Structures are given as C-alpha cells and as structure tokens.
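As structure tokens, the structure follows; a few thoughts come after it.
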Amino acid sequence: MSSALKGGLALGGVGAAAGGGYLIHSSLPKEEPKTSLASKLEEDKFTPLNLDTSKTEDQNSPWKKILSSYKSLTASKTEFKIGNLSLKSDDNEGINQLKDACSDLLKTLEDSSNFASNYKLASRWCVEPISISSLLSKRGTPHLNTTESEDTEAWTALAKKYEEHKKTNKELMNGVSWTEVSNTDYTANISQIKSACNARKDKSSHDDEAFEKHLREVQTWCTAIK
C-alpha cells in the first residue's frame, strides 16, 4: 500500500472519530437553564426593586418603606434579617446596603439549598411593597367582594368548605367564630369569614410579620373555589 493511501486512511479515521464525537455531543440532552430567584419572584407577580446604588431615593420611593420596615422588624426579630445585615443610620447608606444585599439574594438559583429561605427574605425586602389583595389580582385570583351582597354562591361554597375543614381542625383562620348551621343557612358564618378576610386583604408584603401565612389564608378562604 502506498504511503499516500496509508495517510489518507489515517486522516479518514481521525475525521470519523471527530465526527462521531460531535454526534455524541450534539445528541446529549441540553441542560435547562436554572431559574434565578429574581425570575421566580417575577413569575409569582412580585416586582423586584431597582438596585442602582448610584441613585439617591426620594421620600416617595418604595425603598423608604422597605428601609423603615427592615429597621422596625429586625430590631426584635432576627429571622427577618438578611444574614447579619445591620443598617447604618444614614438613610441613603442603609438603602444602598439593602440594595447590595438584595442583589446577592436575587441571584440565588433554584437548586440552591437556601433558595426557599432566600425567597422569603427577597419577597419581603427586595420587591415593591404590595398588598395581599393586589398580589392575588395580579395572579388572576381576585379577592371576593366583602362589602356588597355579591358573590353569594362563591361565599356559600367557601363556608361549606370551611365547615368541612373545621371538622378536622385543618387550615382554619383566626378570628372566625363558627355558628352551627341550621337549615343550610350559612349567613352568619359567611359574615365571619368575610370579616376575617377584610382583616387580612390589605396587609402588605414588607410590614406584615405573617405575610406568607395571611396570603395562604386569603387565597384559600377569600377567593372563589376553582
């Protein structure tokens, strides 16, 4: 066999190996990009705040509300702190500390062991303050009318569901004094549930200590059953 032919076969073998390697590589399943905490918050209809530390926030800035609540809540409840973050007395410096801390939180990826705990912190301190009723409206599950004689059928269905849950003492709301139902008349109990819903619907993400709990309760007992 000529040396030229041998060389051609050798090169052909290398090319085949390289081609095979390409085919194997291209046939491997592509890894899905991991969701960041910022993306998850947006998916859940929160609006992350701007993190520009070169900007001085005015008195109407949502950062001012966040700053005030952070100082107030973390003074006695360390579980609301972002790490060991203690704010400086100057408002602008304190806001910039929060912006830097939020910048790190929002980069957390979904496969991180602290994703859930960071989500709780970021949904309180790194997003525009929002009430429970407004958040649920953005999610497509608006709060039922509590002031007019509307949504009667929906409220009755909720009262019946509450009655079933009460039997097993499961997922109930504080502030609801249940009356034994007579002749399928749920009027008094509907009034109790509405009152409890009214007490929760305007609570805000940044200053309500039990925001997550109240959000779950309102979603369960103050929106139409689907």
Computed helical MRE - 222 nm, the chain, DSSP H runs ≥ 4 contributing -39500 (n - 2.57), nearest 500: -17000 deg cm²/dmol
Hits among aspartates and glutamates - C-alpha to C-alpha of Lys88 under 17 Å, sequence gap 8 or more where chains match: Glu57, Asp100
Euclidean distance of C-alpha centroids, the stretch 147-226 and the stretch 46-109, integer Å: 33
Exposure proxy ranking, count of Cβ atoms within 10 Å, fewest first, for Arg124, Arg139: Arg139, Arg124
Stokes-Einstein D (µm²/s) once Rh is taken as the Kirkwood radius of the stretch 37-125 over alpha-carbon pairs, at 25 °C in 0.890 mPa s: 182
In Å, descending, principal axis extents of the Cα set of the chain: 103, 55, 28
Neighbourhood charge, 11 Å Cβ-Cβ cut-off, centred on Val181 and excluding it, Lys, Arg +1 and Asp, Glu -1: -1
Long-range tail of P(r) for the stretch 79-168 (Cα pairs > 17 Å, %): 67
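Each value in this text was obtained by applying a stated rule to the coordinates, not by laboratory testing. Since we're looking at a predicted model, the values are computed, not measured. As a convention, Cβ positions derive from the backbone with ideal geometry for all residues, glycine included, and neighbour counts pool all protein chains shown.
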